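Everything on this sheet refers to the single structure shown next.
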Amino acid sequence: MMRPLPIVACVALAFAAHAPAATAQQVTGNAETGRGLTYTCVGCHGIEGYKNAYPHYHVPKIGGQSTEYLMNALTEYRNGTRKHPTMEVQAQSFSDQDIADIAAFLSGLTK
């Protein structure tokens, strides 16, 4: 016969079930791996004066941005809380580790 869990344990389990998943900030990135993952980024972010298919949208330079900013932005695009059709699609394919690796590489570049 199973012994019932005390109320405190039940409450703790209930909160744990609804706790947010680990964020990308908790993952350490590898810049060399990130270099390989950024090959598609250059298409928009690495060409001086480039205007993408959304001419009303400014394409920012991302080299040299802070790791935290890059990880937050990619995570928000992946989660759909930051909106841009191309970036949302790109980011949906990234794991937390991919995001950390990309941020490690890009943050090491000069602006």
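The values are calculated or read from the model by the stated rules, or taken from the named source; none is laboratory data. Everything quoted here is computed from the prediction, not taken from an experiment. All Cβ positions, even for glycine, are placed from backbone atoms using ideal geometry, and neighbour counts span all protein chains on display.
Quick notes on this one:
- Total residues in segment 70-109 satisfying the condition of being among the polar types (S, T, N, Q) and not in a helix (DSSP H, G or I): the figure is 3.
- Gln65 being at pLDDT 90 or above, closer than 14 Å to Gly34 by Cβ and in a loop (DSSP other than H, G, I, E, B): yes
- Residues within segment 70-105 that are hydroxyl-bearing (Ser, Thr, Tyr) and either farther than 19 Å from Asn30 by Cα or in contact (Cβ under 8 Å) with a residue 12 or more places away in the chain (or both), tallied: 4
- Scanning segment 91-111 for residues that are under 10 Å from the mean Cα position of the chain (by Cα) and surrounded by 12 or more Cβ atoms within 10 Å (Cβ to Cβ) yields Ala91, Phe94, Asp96, Gln97, Asp98, Ile99, Ala100, Asp101, Ile102, Ala103.
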